[in-house]
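Engineer: My questions all concern the structure below.
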Amino acid sequence: MRPESLMMSYGYKPSLSEGAIKCPIFQTSTFVFNTAEEGKAFFEVAYGIREKGENEELGLIYSRLNNPDLEILENRLCLWDEAEDCAVFESGMSAISTALMEFLAPGDLLLYSRPVYGGTDHFINHFLKKLNIDSIGFRADEDFDTIVARIEATGKADRLRMIHIETPANPTNALIDIRMCVAIKERFSTPDAEVILSVDNTYMGPLWQHPLKHGADLVLYSATKYIGGHSDVIAGACLGSKALMARIKGLRTFLGNMAGPWTGWLLMRSLETLKVRMEEQAKNAVEVAKFLRSHPKVSRVYYLGFIPEQGSENEKRIYAEQYTSSGAMIAFDVVGGEKEAFTFLNNLKLIKLAVSLGSTESLAEHPATMTHADVPSDVKEAMKISSSLVRLSVGVEHYEDIISDISQALNNV
């Protein structure tokens, strides 16, 4: 069956919970063992002392290690990306930071795409530097040879251990070629040290892009966004092979940044409507983008749906290969600068002036001074994150009402 059908029941047995049709919230810190021998067996598997036997399941121990709400949620998330395993975290940044810390060590080199989410950029360029982990960024318009030459010019090509990309890029919708990044990964991997490729897929959610199918090792989400979808939960997720996820889950156990049962329950609720929500948001975004493109007070619109007709040949190829939808994220430049962009934002009524994205309500923000405020000015300029740029996350409201609100706000500019 398709994932949207399985979201209602996959991995849950009502008979184990008094026949409850929905998974209850297992609000408990610890779980009772039937025997001391059973507890011993559970811990042997949990700590990797031995492999699970055939048909053996890891029993419930302690909610920092496992909890029914998280385990069922993780099983369901695997269905969308056809991943072997999944780990859910208390936030998207905890998922990203845990993955980066697990596969990078002092002296290593990280290659990453720019722009990325502002929090990720800060973590890479501030925290990782404290650990003596160097990084180099590359833009969407740079090719394989240019990037390889830059890696080799660092003198640390033999220490490249990880590539982290975000595609489409936040906030400009720039497309990063996953297959090119796989080629870079293969170019610098050795039998003793494989380069890990992680992809932040938050902008596309589990529906519109599947990086693992294109050769990525890990796919990351801020589950706060489309997966949660209601602006009422903070969470993150990381998916990949069982071998890599065993390492991720191991570090998660000791950092203690797994999501709690309430978060797991809320995300399971949201997964049931994920497909219908995202499809409606994508339909609305088509109409909103067309309106913005024709408005005299908008100088440029960054929207995936325009790539087939006006993108470069490389963008058209990447779009056709990687995406099943144009998504529901739009960025656009208001004619003028920060003053005009702020005037637009301050006059919105239906659309809320707030950061985040992917929720049922439409949201708008100013990347240059908000989500990407910490990014150096010269980098923002090179990435087209200008003072006039507005980022818009299109919700499920009627598209004519969204457009009407945008129109009246632009009339005040």
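Engineer: How do the helices (runs of 4 or more DSSP H) wholly within region 308-413 filter down when requiring 2 or more residues that are in contact with a helix residue (DSSP H, G or I) (Cβ under 6 Å, 6 or more places away or on another chain) and closer than 15 Å to LYS297 by Cα: which remain?
Structural biologist: 399-411
Engineer: On the given criteria, is GLU166 open to solvent by less than 10 Å² (accessible area, probe 1.4 Å), among the charged types (D, E, K, R) and modelled with pLDDT of 95 or more?
Structural biologist: yes
Engineer: Moving on. Identify the single condition in (1) of a type in the set (Asp, Glu); (2) within 30 Å of VAL413 (Cα to Cα); (3) surrounded by fewer than 16 Cβ atoms within 10 Å (Cβ to Cβ) that GLU280 does not satisfy, given that it satisfies every other one.
Structural biologist: Single failed check for GLU280: (3).
Engineer: Spot the failing condition for VAL182; the list is (1) out of contact with any helix residue (DSSP H, G or I) (no Cβ under 6 Å at 6 or more places or on another chain); (2) open to solvent by 30 Å² or more (accessible area, probe 1.4 Å); (3) in contact (Cβ under 8 Å) with a residue 24 or more places away in the chain, and only one is missed.
Structural biologist: Of everything listed in (1) out of contact with any helix residue (DSSP H, G or I) (no Cβ under 6 Å at 6 or more places or on another chain); (2) open to solvent by 30 Å² or more (accessible area, probe 1.4 Å); (3) in contact (Cβ under 8 Å) with a residue 24 or more places away in the chain, VAL182 misses just condition (2).
Engineer: Does region 286-302 hold any residues that are farther than 17 Å from GLY395 by Cα and without any contact (Cβ under 8 Å) to a residue 60 or more places away in the chain, and which are they?
Structural biologist: Of everything in region 286-302, those that are farther than 17 Å from GLY395 by Cα and without any contact (Cβ under 8 Å) to a residue 60 or more places away in the chain turn out to be ARG293, SER294, PRO296, ARG300, VAL301.
Engineer: Can you tell me which of GLY260, GLY305 is among the small types (Gly, Ala, Ser) and touching a residue at least 24 places away in the same chain (Cβ under 8 Å)?
Structural biologist: The conditions single out GLY260.
Engineer: Any idea which of GLU71, GLU84, GLU102 is touching a strand residue (DSSP E or B) at 6+ places or on another chain (Cβ under 8 Å), touching a residue at least 60 places away in the same chain (Cβ under 8 Å) and of a type in the set (Asp, Glu)?
Structural biologist: Result: GLU84 is the single residue among GLU71, GLU84, GLU102 that is touching a strand residue (DSSP E or B) at 6+ places or on another chain (Cβ under 8 Å), touching a residue at least 60 places away in the same chain (Cβ under 8 Å) and of a type in the set (Asp, Glu).
Engineer: Confirm whether LEU79 is modelled with pLDDT of 95 or more and among the hydrophobic types (A, V, I, L, M, F, W, C).
Structural biologist: yes
Engineer: Which one of the conditions (1) touching a Ser or Thr at 6+ places or on another chain (Cβ under 6 Å); (2) more than 26 Å from GLY92 (Cα to Cα) does GLU340 fail to meet, given that it meets all the rest?
Structural biologist: Tallying (1) touching a Ser or Thr at 6+ places or on another chain (Cβ under 6 Å); (2) more than 26 Å from GLY92 (Cα to Cα), GLU340 fails exactly one: (1).
Engineer: Now a separate question. Looking only at region 206-224, count every residue that is without any contact (Cβ under 8 Å) to a residue 40 or more places away in the chain and crowded, with 22+ Cβ neighbours inside 10 Å and tell me the total.
Structural biologist: 2
Engineer: Then there is this: Please enumerate the residues belonging to region 225-248 that are farther than 13 Å from ALA99 by Cβ and buried (at least 24 other Cβ atoms within 10 Å of the Cβ).
Structural biologist: TYR226, ILE227, GLY228, GLY229, ALA235
Engineer: How many residues, within region 270-301, are farther than 21 Å from ASP401 by Cα and either charged (D, E, K, R) or under 20 Å from the mean Cα position of the chain (by Cα) (or both)?
Structural biologist: Here the count works out to 7.
Engineer: Let me ask something else. Which ones in region 12-24 are closer than 19 Å to ASN66 by Cβ and open to solvent by 50 Å² or more (accessible area, probe 1.4 Å)?
Structural biologist: Listed by number, the residues that qualify are LYS13, LEU16.
Engineer: Does LEU345 meet the test of being over 19 Å from THR202 (Cα atoms) and open to solvent by less than 10 Å² (accessible area, probe 1.4 Å)?
Structural biologist: Yes: the conditions hold for LEU345.
Engineer: Oh, and also: Test ARG300 against the criterion of being more than 24 Å from ILE178 (Cβ to Cβ), outside any helix (DSSP H, G or I), of a type in the set (D, E, K, R) and open to solvent by 50 Å² or more (accessible area, probe 1.4 Å), and give yes or no.
Structural biologist: Yes, satisfied.
Engineer: Quick check on my filter: what residues within region 195-214 are under 18 Å from ILE151 (Cβ atoms) and assigned to a loop (DSSP other than H, G, I, E, B)?
Structural biologist: VAL195
Engineer: Exactly one condition in (1) under 23 Å from the mean Cα position of the chain (by Cα); (2) modelled with pLDDT of 95 or more; (3) open to solvent by 10 Å² or more (accessible area, probe 1.4 Å); (4) among the polar types (S, T, N, Q) is not met by SER362; state its number.
Structural biologist: Going through the list (1) under 23 Å from the mean Cα position of the chain (by Cα); (2) modelled with pLDDT of 95 or more; (3) open to solvent by 10 Å² or more (accessible area, probe 1.4 Å); (4) among the polar types (S, T, N, Q), SER362 breaks only (3).
Engineer: Moving on to the next point. Given LEU251, LEU267, which one is crowded, with 24+ Cβ neighbours inside 10 Å, at pLDDT 95 or above and more than 14 Å from the chain's Cα centre (by Cα)?
Structural biologist: Being crowded, with 24+ Cβ neighbours inside 10 Å, at pLDDT 95 or above and more than 14 Å from the chain's Cα centre (by Cα) holds for just one of LEU251, LEU267, which is LEU267.
Engineer: Does at least one position in region 32-48 carry a residue that is among the polar types (S, T, N, Q) and more than 22 Å from ALA243 (Cα to Cα)?
Structural biologist: Within region 32-48, one or more residues are among the polar types (S, T, N, Q) and more than 22 Å from ALA243 (Cα to Cα).
The values are calculated or read from the model by the stated rules, or taken from the named source; none is laboratory data. Source: prediction; values computed, not measured. Neighbour counts run over all protein chains shown; Cβ positions are idealised from the backbone, glycine included. Remember, those area values only see protein heavy atoms, side chains included, never the ligands or the DNA or RNA. Shrake-Rupley method; radii C 1.70, N 1.55, O 1.52, S 1.80 Å.
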